[in-house]
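The values are calculated or read from the model by the stated rules, or taken from the named source; none is laboratory data. All values derive from a computational prediction rather than experimental measurement. Every residue, glycine among them, receives a Cβ derived from its backbone with ideal geometry; neighbour counts consider all protein chains shown.
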Amino acid sequence: MGSLILVVEDDPDVATILRDRLQAMGHEVMTAADGQAALDTLQQAAPSLMFLDIELPKLNGIEVLKRVHKDLPELPVVVMTAYGTIQRAVEAMKEGATDFVTKPFDNEYLNLVIGKTLERGALKREVTALRSELESRFDTLVAASPKMNAVIESAKKVAQSDSTVLLLGDSGTGKDLLARSIHNWGARHSRLFMPVNCVALSEELLESELFGHEKGAFTGASAQKRGKVEVADGGTVFLDEIGDMKPGLQAKLLRFLQNREFDRVGGTRAIKVDVRVIAATNRDLLQAVKAGTFREDLFFRLNVVTLTVPPLRERTEEIPQLAEFFLKKYCREAKKPGIRISSQAMKMLTAYSWPGNVRELQNAIERAVVLKTGEMLAPEDFSLQPMDITPEQSELMNRPFHEAVERHKREIIRRALALAGGNQTKAAERLGLQRTYLARLIKQMDIK
């Protein structure tokens, strides 16, 4: 399927030739005979690409390019120039032009430039959309939760530096999204963000994934490979699940963190890179240091700035907005725009303890949307795991008696409310309590 292309050319013969060639390639074409007409056209249409002649009446091509670059930075512009005015094309490239072609046009080269430029434009739009979605995700958290708001405010401050950041928190709390946001909020936002999962690969494969390898370094290494650290030069490397990294590789990572130098596997030359490092784990690294499974010196290298992402059960005020965010996302993907969450279902979602955190909520919403045939999601549309054991309950045996009893009471009440869809009368019946007594307990314990 072709794209809409705007051709800005004051010579009608040249404009016709280019229009005919572009149409023959399957594209839809609009034309403008001067710079002002081009700007007027852009007010009415949204082309995927613009061919712009440099020498134009009323408003020359360089001025048009400057305005387009300011108002429509995502629009790729290919400037057209005669052989004798290459210098003007160079000037246009400095002002933001994507590429240039010379007159008369070579069909094969023209097709190549169009394909490359449209592909680059599509990638830029995709990156913009992803950044916008990511920012909206965290805007929701800022507005909804004081705890998460404090984390994000600290993250925005640390994003302005190059300090190493260690993100702590349970699985599914959104540490990866926070890492991407720190990258996007900082000076390296236009460079690569390179995630590396430290638990998904064996020690040998992880070393090659991080630092690359030379040809012949091991069986199957038929060619040289650059590692993710090297590819991300100038950007950010995100070491996810760093607490699961094997001790042998920890030593090599420590050397890299100390001076940003490494050797490829099988290599003898030190390679130096400029990358920011963000690491994340759901493990207690201090306990791992005491147990001898994590190097103390590596811990202190990583522990420059530490941010702890709270579990969803500690920021339940976020749940309605997160649920609506995921609902819109999956309704759009499933092409079911009219689905809503009932008040009873929302009460149930808010009362649930979410041991799987934000990821579990996201999955629950996606499943409900995919399987729903009507327009209102009810409590029974959500398949939530039984809340017999929660992370809080697993800690009870290590807590003082009265504190453990208080916490257990809170969990029992929360579970009953969740099963009753937030209805206090039904929850009281389940617990064998008077509704007024249950209401008093809920108030005393500040159960949301």
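Go through (1) at pLDDT below 90; (2) within 30 Å of R407 (Cβ to Cβ) for G374 and report which single condition fails.
Here G374 clears every test but (2).
Name the residue that is farthest from L285 (Cα to Cα), counting only residues in the stretch 201-246 that are in a loop (DSSP other than H, G, I, E, B) and among the charged types (D, E, K, R).
Filtering the stretch 201-246 for residues in a loop (DSSP other than H, G, I, E, B) gives 201-202, 214-224, 227, 232-235, 241, 245-246.
Still in the list and also among the charged types (D, E, K, R): 214-215, 233, 241, 246.
Numbers: E214: 33, K215: 36, D233: 27, E241: 11, K246: 13 Å.
Filtering first and then ranking leaves K215.
With respect to A159, is the statement that it is closer than 30 Å to Y330 by Cβ and modelled with pLDDT of 85 or more true? Talk me through it step by step, then tell me what you get.
Details: closer than 30 Å to Y330 by Cβ: yes; modelled with pLDDT of 85 or more: yes.
So A159 passes the test.
Could you list all residues from the stretch 211-232 that are without any contact (Cβ under 8 Å) to a residue 40 or more places away in the chain and closer than 24 Å to V277 by Cβ?
K225, R226, G227, K228, V231, listed by residue number.
What are the pairs, 6+ residues apart or on separate chains, where a residue within the stretch 157-183 that is charged (D, E, K, R) has its Cβ under 6 Å from a residue that is buried (at least 21 other Cβ atoms within 10 Å of the Cβ) and part of a strand (DSSP E or B)?
D162/R276; K175/L167; K175/A280
Mind listing whichever residues of the stretch 229-239 are crowded, with 20+ Cβ neighbours inside 10 Å and more than 14 Å from H183 (Cα to Cα)?
Matches in the stretch 229-239: V229 only.
Counting just the residues of the stretch 256-282 that are touching a Phe, Trp or Tyr at 6+ places or on another chain (Cβ under 9 Å) and exposed (fewer than 15 other Cβ atoms within 10 Å of the Cβ), which one comes out farthest from I182 (Cα to Cα)?
Restricting to residues being touching a Phe, Trp or Tyr at 6+ places or on another chain (Cβ under 9 Å) and exposed (fewer than 15 other Cβ atoms within 10 Å of the Cβ), the top hit is A270.
Filter the stretch 308-322 down to the residues that are more than 18 Å from the chain's Cα centre (by Cα) and of a type in the set (A, V, I, L, M) and list them by number.
Matches in the stretch 308-322: L312, I319.
If we only count helices (runs of 4 or more DSSP H) wholly inside the stretch 262-345, which ones have 2 or more residues that are closer than 21 Å to P247 by Cα, of a type outside the set (D, E, K, R) and assigned by TED's automatic domain parsing to the domain that holds K225?
Details: elements: 285-291, 296-302, 319-334.
Where helices (runs of 4 or more DSSP H) fall fully within the stretch 262-345 and carry at least 2 residues being closer than 21 Å to P247 by Cα, of a type outside the set (D, E, K, R) and assigned by TED's automatic domain parsing to the domain that holds K225, they are 285-291, 296-302.
Please determine, by comparing only the residues of the stretch 16-56 that are exposed (fewer than 15 other Cβ atoms within 10 Å of the Cβ) and among the small types (G, A, S), which one is nearest to the chain's Cα centre (by Cα).
Taking the candidates together, the pick is A46.
What are the pairs, 6+ residues apart or on separate chains, where a residue within the stretch 367-394 that is of a type in the set (F, W, Y) has its Cβ under 9 Å from a residue that is modelled with pLDDT of 50 or more and not in a helix (DSSP H, G or I)?
So the pair list comes out as F382/Y352.
Return the pairs, sorted by first residue and then second, in which the second residue is in a loop (DSSP other than H, G, I, E, B) and modelled with pLDDT of 90 or more, the first residue lies in the stretch 1-15 and is surrounded by 14 or more Cβ atoms within 10 Å (Cβ to Cβ), the beta carbons are less than 7 Å apart, and the residues are 6+ apart or on different chains.
From the stretch 1-15, the pairs are D10/A33; D10/D34; A15/E9.
Look at the stretch 342-356 and say how many of its residues are surrounded by 22 or more Cβ atoms within 10 Å (Cβ to Cβ) and farther than 20 Å from A416 by Cβ.
Qualifying residue count for the region: 0.
Please work out if A179 is in the same structural domain as T306 (by TED's automatic domain parsing) and either β-branched (V, I, T) or under 25 Å from Q362 (Cα atoms) (or both). Steps first, answer last, please.
Working: in the same structural domain as T306 (by TED's automatic domain parsing): yes; either β-branched (V, I, T) or under 25 Å from Q362 (Cα atoms) (or both): yes.
Here the answer is yes, as A179 does meet what is asked.
Of everything in the stretch 121-147, what is at pLDDT 80 or above and surrounded by 12 or more Cβ atoms within 10 Å (Cβ to Cβ)? Give them in sequence order. Spell out how you get there, then give the answer.
Restricting attention to the stretch 121-147, the residues satisfying the condition of being at pLDDT 80 or above are 146-147.
Across the stretch 121-147, the qualifying residue is only K147.
Restricting attention to the stretch 377-387, and to residues there that are under 18 Å from R359 (Cα atoms) and within 29 Å of the chain's Cα centre (by Cα), which single residue is modelled with the lowest pLDDT?
Q385
All but one of (1) within 19 Å of G61 (Cα to Cα); (2) loosely packed, with under 15 Cβ neighbours inside 10 Å; (3) at pLDDT 85 or above hold for V78, so report the exception by its number.
Failing condition for V78: (2).
Filter the stretch 397-448 for residues that are part of a loop (DSSP other than H, G, I, E, B) and basic (K, R); which is modelled with the highest pLDDT? Outline the logic, then answer.
Residues of the stretch 397-448 part of a loop (DSSP other than H, G, I, E, B): 399-400, 420-423, 432-434, 445-448.
Still in the list and also basic (K, R): 399, 448.
Numbers: R399: 55, K448: 69.
That would be K448.
Only one residue in F262, F256, F299 is closer than 30 Å to G356 by Cα and not acidic (D, E), so which one is that? Explain how you work it out, then say what you get.
Numbers: F262 fails: closer than 30 Å to G356 by Cα; F256 fails: closer than 30 Å to G356 by Cα.
F299 is the lone residue from the list that is closer than 30 Å to G356 by Cα and not acidic (D, E).
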